[in-house]
1. Kindly evaluate D318 against the criterion of being more than 15 Å from ligand 1 (Cβ to nearest atom), over 20 Å from Y240 (Cβ atoms) and among the charged types (D, E, K, R).
2. Restricting attention to segment 176-198, which residues are of a type in the set (V, I, T) and either in contact with a helix residue (DSSP H, G or I) (Cβ under 8 Å, 6 or more places away or on another chain) or buried (at least 19 other Cβ atoms within 10 Å of the Cβ) (or both)?
3. Would you say S100 is out of contact with any strand residue (DSSP E or B) (no Cβ under 7 Å at 6 or more places or on another chain), within 12 Å of ligand 1 (Cβ to nearest atom) and part of a helix (DSSP H, G or I)?
4. Which condition number in (1) under 22 Å from P208 (Cα atoms); (2) not in a strand (DSSP E or B) is the one that V105 fails?
5. Scanning for something assigned by TED's automatic domain parsing to the domain that holds S147 and assigned to a strand (DSSP E or B), does segment 260-275 turn up at least one residue?
6. Does segment 373-382 include one or more residues that are within 30 Å of K177 (Cβ to Cβ), of a type outside the set (A, V, I, L, M) and in a loop (DSSP other than H, G, I, E, B)?
7. Which of (1) surrounded by fewer than 19 Cβ atoms within 10 Å (Cβ to Cβ); (2) in contact (Cβ under 8 Å) with a residue 60 or more places away in the chain; (3) more than 13 Å from the chain's Cα centre (by Cα) is the odd one out, the single condition Q365 does not satisfy?
8. Give the residue that is surrounded by the most Cβ atoms within 10 Å (Cβ to Cβ), with candidates limited to residues of segment 142-153 that are touching a residue at least 40 places away in the same chain (Cβ under 8 Å) and either part of a strand (DSSP E or B) or of a type outside the set (S, T, Y) (or both).
Amino acid sequence: MTIANAFTFGVRIRIVVFFFCFNALLYMSFSILRDDWRRLAAYHLYPSTSNVTSDDLGSDTVTSNIVENVASSAVTSNLPPKPQFEGKANATLVFLARNSDLQGVLRSMESVETHFNHKYGYPWILLNEEEFTEEFQESVKSKTNASVQFGLIPSRHWYQPDWIDEAKAEQGRNTLKAWNVIYADSVSYRNMCRFNSGFFFHHPLLQPYRYYWRIEPDVDYFCQLQYDPFDYLKDNNKTYGFTIAIEELEKTVSTLWQAVKEFMEQYPEYIHPNNALAFLSDNGGETYNLCHFWSNFEIADMDFWRGEAYTKFFEFLDLKGGFYYERWGDAPIHSIAAALFLDKNELHFFNDIGYQHSNIVHCPQQPAFLTGSCTCNRVLSIDYRRYSCLPRYNKMLNGKW
Ligand SMILES: Nc1nc2c(ncn2[C@@H]2O[C@H](COP(=O)(O)OP(=O)(O)OP(=O)(O)O)[C@@H](O)[C@H]2O)c(=O)[nH]1
Ligand SMILES: [Mg+2]
């Protein structure tokens with residue numbers, strides 16, 4: 001073979017190899033996109049689509065037949081086989097809900113039991129400002145082998161206080177409505193936000209407990225949790241755990257940061273020297289960047305909320321009336337307090353807990369994904385997308401986005 005022939009032969013081989021690799025790559029990309037599309041469609045169509053199978057959502061995601069079970073029999077149970085409870089922490093699963101939330105409650109409970117609690121058996125506490133119906137209670141009890149308690153919220157912890165100027169509150173609701181803000185004119189939503197901010201941890205049923213995991217209707221969990229997150233918090237001196245950090249709607253908290261600054265001036269003793277202010281503000285505290293931990297998922301230590309700093313903080317903010325004059329959410333209130341009053345190392349990102357609320361998903365990235373037997377799609381994870389505050393959290397903690 002001449003040098004020229006050898007050269008041509010070499011080039012041909014390279015061209016063949018190149019086309020082979022290119023085609024393989026094309027096929028892989030197409031498969032990933034197709035898979036994403038199917039999952040996305042499944043998320044958006046659920047639960048009304050009967051053809052969404054557990055394969056579409058991943059083999060461990062047991063969500064497809066909940067609605068059917070409820071419709072056919074309110075008390076049909078789908079209990080896990082062996083209730084060998086391992087949970088030893090002083091902890092409970094807390095669920096605020098209305099009777100009308102029943103189906104979403106059952107769906108969330110199924111997901112939590114399947115991915116975690118069937119092994120640990122932590123007790124459930126469900127709270128409501130109205131009595132739960134018999135049907136609600138029986139259906140909920142049929143979803144778990146752990147103990148379940150139903151609590152009535154005292155009126156003074158729930159309803160709009162007398163000292164709120166109703167005319168001003170109504171004006172606030174109308175203003176948000178004109179801006180098309182979600183839950184703009186809902187007073188009950190505001191009651192809920194205030195209750196979650198300042199009162200749930202004072203409920204008599206919660207008094208025996210220190211740690212809680214907050215659950216909401218219609219949420220999904222995607223990873224088999226291989227450890228007890230309550231023990232994790234305790235053993236690692238963590239106080240507040242989250243999975244999603246995101247930006248708040250500015251219009252709902254227009255004057256919140258001004259109030260927070262006043263509080264910081266008045267009570268500098270509560271601000272931790274190693275705080276996480278950089279998560280909340282990009283200019284040293286001058287303005288709020290709207291970042292907060294999404295509180296529909298929380299695993300945290302209620303002693304922090306019961307403590308002096310947070311009690312003073314909540315009372316201070318409550319008197320400003322922003323829960324009703326604007327629409328302050330419990331997520332920014334909790335987050336601002338946790339970021340300012342705790343050592344930043346007491347916060348914890350539960351990266352290995354795959355979680356979805358509405359259309360927003362956190363799916364663990366490697367290596368957590370590989371060890372956690374997760375069924376979510378990492379491509380859909382909000383972590384490094386627009387509106388996510390995880391990069392800011394990372395920067396605040398490690399100096400890297
Ligand atoms: N008892 C009771 N619970 C409520 C009320 N409003 C909301 N909740 C509960 O409070 C929690 C938060 O309410 P959601 O309606 O989920 O609010 P959100 O997560 O901001 O908005 P969504 O996107 O609708 O989920 C859920 O656990 C609800 O079941 C209410 O008026 N009474
Ligand atoms: Mg919700």
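The values are calculated or read from the model by the stated rules, or taken from the named source; none is laboratory data. Because the structure is predicted, anything quoted here is derived from the model rather than measured. When we count neighbours, we look across all protein chains shown, and the Cβ atoms used for this are built from the backbone with ideal geometry, even at glycine.
1. The answer is yes for D318.
2. Going through segment 176-198, the residues of a type in the set (V, I, T) turn out to be 181-182, 187.
Within segment 176-198, V181, V187 qualify.
3. Numbers: out of contact with any strand residue (DSSP E or B) (no Cβ under 7 Å at 6 or more places or on another chain): yes; within 12 Å of ligand 1 (Cβ to nearest atom): yes; part of a helix (DSSP H, G or I): yes.
So S100 fits the description; yes.
4. Of everything listed in (1) under 22 Å from P208 (Cα atoms); (2) not in a strand (DSSP E or B), V105 misses just condition (1).
5. Filtering segment 260-275 for residues assigned by TED's automatic domain parsing to the domain that holds S147 gives 260-275.
Next, from what is left, pick out any that are assigned to a strand (DSSP E or B): none.
For segment 260-275, residues assigned by TED's automatic domain parsing to the domain that holds S147 and assigned to a strand (DSSP E or B): absent.
6. no
7. It is condition (2) that Q365 fails.
8. Restricting to residues being touching a residue at least 40 places away in the same chain (Cβ under 8 Å) and either part of a strand (DSSP E or B) or of a type outside the set (S, T, Y) (or both), the top hit is K143.
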